[in-house]
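Have a look at the structure below, then the notes.
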Amino acid sequence: MLALVAILLSALFTLVSSDDPAPRTFQEAKKIAREIYTDEGRTFYCGCRYQGNRVDLDSCGYVPRKNAQRAARIEWEHVVPAWVIGHQRQCWKNGGRDNCTRNDPVFARAEADLHNLVPAIGEVNGDRSNFPLTMLDAQPSQYGRCAMVVDFKARKAMPPEHSRGAVARTYLYMHERYGLRLSDQDRQLYEAWHRMYAVGAAERRRNQDIACQMGWGNPWVGEVDMGQCPGHNPLGGMLAGLFGTAKALALEEVGGLLRR
C-alpha cells in the first residue's frame, strides 16, 4: 500500500515540478534573492543600504567589530542556519554540508528556500555563525548603531527589535515546512515575537515576491496571490500548494503521516 502511495506521490511531484519555479541549489537561490531584494536595498539585521555586493556602513552607523573588509560586503544568510537543518538529518553525519547538498534532496530544498535567506552584513553573518537567535541580557554595543548582539561565550545572538518578527515567522515556517525540531521554549519565544512585532508592508511584499519564485508563501506572514505571478499556471499552483509540504519530507516520513 505504502509503495503504491509513494509511486502516486512521485508522479504528482513530477507533474508539479514542471511548474515549480523553486530554486534547486543554494547558489541558484542567491542569484534569485539578489533580484528580489534589488528594490529594498537594506540589510536584514542592521538596516544598512547596499548596492550590488557593497554595503554603505555610514547609512546605518555600523562600526566594524573586527573585520572591516568582511563588514563592507553583503552575504546571504540563512535565518535558520544550514548547520541546524543539516544536524537534524543523517546526511550531515556522513559527510557534512557538502554531502547533504549533493545527496539529500530535502536538505537541498531547505538550503535553497528563499523564505529563509536574507541579505546581511558579512561580518554579522560570520559572527552570528550557527548561533540560535534569542533574547539576551545585554545591551547592543558591538557594531555601532546596529543593535545586533552576539554572545560568543554563550554561543547565542539577539537580533534587533525591528527584525524579530521576521525572524520568528521564518523559524516557525521552517519548523513546519521541513519538520525541523523546535524546543517548546523556542517556539513560545517565536510565537511571542510573532505577536509582538506585526507584519509590515515590506515583509508582505517580500513574501509575495518569494512566493512567485518558490511556488508558495510563508503562511505566518500572510496570504499570497499567485495570480499576480508572471506566467502563473493555476493547476500547477494548486498542486504545488497541496503537495508542497509533502515534497519537503522524505518518503518514509510521508509514510509515517499516512499511517496515523
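In table form, for the structure just shown:
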| item | result |
| --- | --- |
| Along principal axes, Cα extents of the stretch 33-158, largest first, whole Å | 43, 36, 23 |
| Surface share of carbon and sulfur [accessible, 1.4 angstrom probe, percent] for the stretch 54-184 | 45 |
| For the stretch 26-82, fraction of C-alpha pairs farther apart than 13 Å, in % | 63 |
| Inter-probe distance in nm under a simple model that places probes 7 Å from Cα toward Cβ, at residue 25 and residue 136 | 3.4 |
| Net +/- balance of residues flanking residue 125 in space, Cβ distance below 13 Å, scoring K and R +1, D and E -1 | +1 |
| Trypsin sites (Lys or Arg not before Pro) within the stretch 40-83, DSSP loop, no more than 14 other Cβ atoms inside 10 Å | 66 |
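The values are calculated or read from the model by the stated rules, or taken from the named source; none is laboratory data. Predicted model only: the values in this text are computed from it and were never measured. For neighbour counting, all protein chains shown are included, and Cβ atoms are generated from backbone atoms with ideal geometry for every residue, glycine included. Note: accessible area is taken over every heavy atom of the protein model, side chains too, but ligands, DNA and RNA are not part of it. Shrake-Rupley method; radii C 1.70, N 1.55, O 1.52, S 1.80 Å.
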